[in-house]
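The values are calculated or read from the model by the stated rules, or taken from the named source; none is laboratory data. Just so it is clear, the structure is predicted and the values come from calculations on it, not from any experiment. We place every Cβ from the backbone using ideal geometry, glycine too, and count neighbours over all the protein chains shown.
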Amino acid sequence: MVEFMVLSAPRSGSTWVANWLTTERVLCLHDPILEHKPEDLDALTWPPCRHSPGYSPAVDRLFGIACTGLGLLTAFVNAHPARKVIVHRDFRDINESLMSLGLTRVIAKRWEQALNAIDGMHVQYADLFQGGLAEPIYEHLTHLPFDAVRHEQLKDMHIEPMFDEVKVVPERAREFRKRVTEALA
């Protein structure tokens, strides 16, 4: 079962967050909705997660996601019991980053409305990279002590997906796009 969610617009640190939150005690998947329906996320088995077959208390691992699309499905997200952090970044920076990759701009007003409507801890993008501000985010999501040494090591790293290798299930992408279009109508 998904125990925590980090939700944001694209180019808002979700890949970095998935790396930061994946440790020997935590597994955080990045953008799982590219392969799975939102309703199927809780059924994913990632041993040795607590709710997975083969789970062993000796390896107590939390399971979460960092996602750049799920936040548009506000009703679904708000109904889910997972702890949530919503990351906000200036949309001029988001769109500049998207355009530099040859991708399409996002519509700021729709994204802002969707992200602002999510119940959870709302943080700024820059907060992720400042130890004193990142600590409560980490502890809210994982209920584990903040690892300041690990955070310091990671905070200056530029971490991105290998775009050519990102697995996308076309049928899931079409379904999700339709759901988002309906949700934002």
Pairs returned, first residue in region 95-113 that is surrounded by 11 or more Cβ atoms within 10 Å (Cβ to Cβ), second residue that is of a type outside the set (A, V, I, L, M) and part of a helix (DSSP H, G or I), beta-carbon separation under 6 angstrom, 6 or more apart or interchain, are 105/95; 108/91
Exactly one of (1) surrounded by 12 or more Cβ atoms within 10 Å (Cβ to Cβ); (2) in contact (Cβ under 8 Å) with a residue 60 or more places away in the chain; (3) in a helix (DSSP H, G or I) is unmet by residue 85. Its number?
(3)
Just the residues that are within 13 Å of the chain's Cα centre (by Cα), at pLDDT below 85 and closer than 15 Å to residue 82 by Cα, please, taken from region 22-46.
none
Selection count where residues are out of contact with any helix residue (DSSP H, G or I) (no Cβ under 6 Å at 6 or more places or on another chain) and without any contact (Cβ under 8 Å) to a residue 40 or more places away in the chain, scope region 144-155:
4
List pairs: first residue in region 30-45 and more than 19 Å from residue 19 (Cα to Cα) and surrounded by 21 or more Cβ atoms within 10 Å (Cβ to Cβ), second residue modelled with pLDDT under 90 and of a type in the set (Gly, Ala, Ser) anywhere in the structure, Cβ distance under 6 angstrom, at least six positions apart or on different chains.
none
What are the residues in region 146-159 that are surrounded by 10 or more Cβ atoms within 10 Å (Cβ to Cβ) and either at pLDDT 85 or above or not aliphatic (A, V, I, L, M) (or both), if any?
146, 147, 148, 150, 151, 152, 153, 154, 155
For residues in region 1-29 being in contact (Cβ under 8 Å) with a residue 60 or more places away in the chain and in a helix (DSSP H, G or I), which is surrounded by the fewest Cβ atoms within 10 Å (Cβ to Cβ)?
19
For residue 118: the one exception among (1) touching a Leu at 6+ places or on another chain (Cβ under 8 Å); (2) at pLDDT 90 or above; (3) part of a helix (DSSP H, G or I); (4) among the hydrophobic types (A, V, I, L, M, F, W, C)
(3)
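Considering 62, 103, which residue is assigned to a strand (DSSP E or B), at pLDDT below 90 and within 26 Å of residue 157 (Cα to Cα)?
When all the criteria are applied, what remains is 62.
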Conditions: (1) at pLDDT 90 or above; (2) surrounded by 21 or more Cβ atoms within 10 Å (Cβ to Cβ). Residue 49 meets all but one. Number of the miss?
(1)
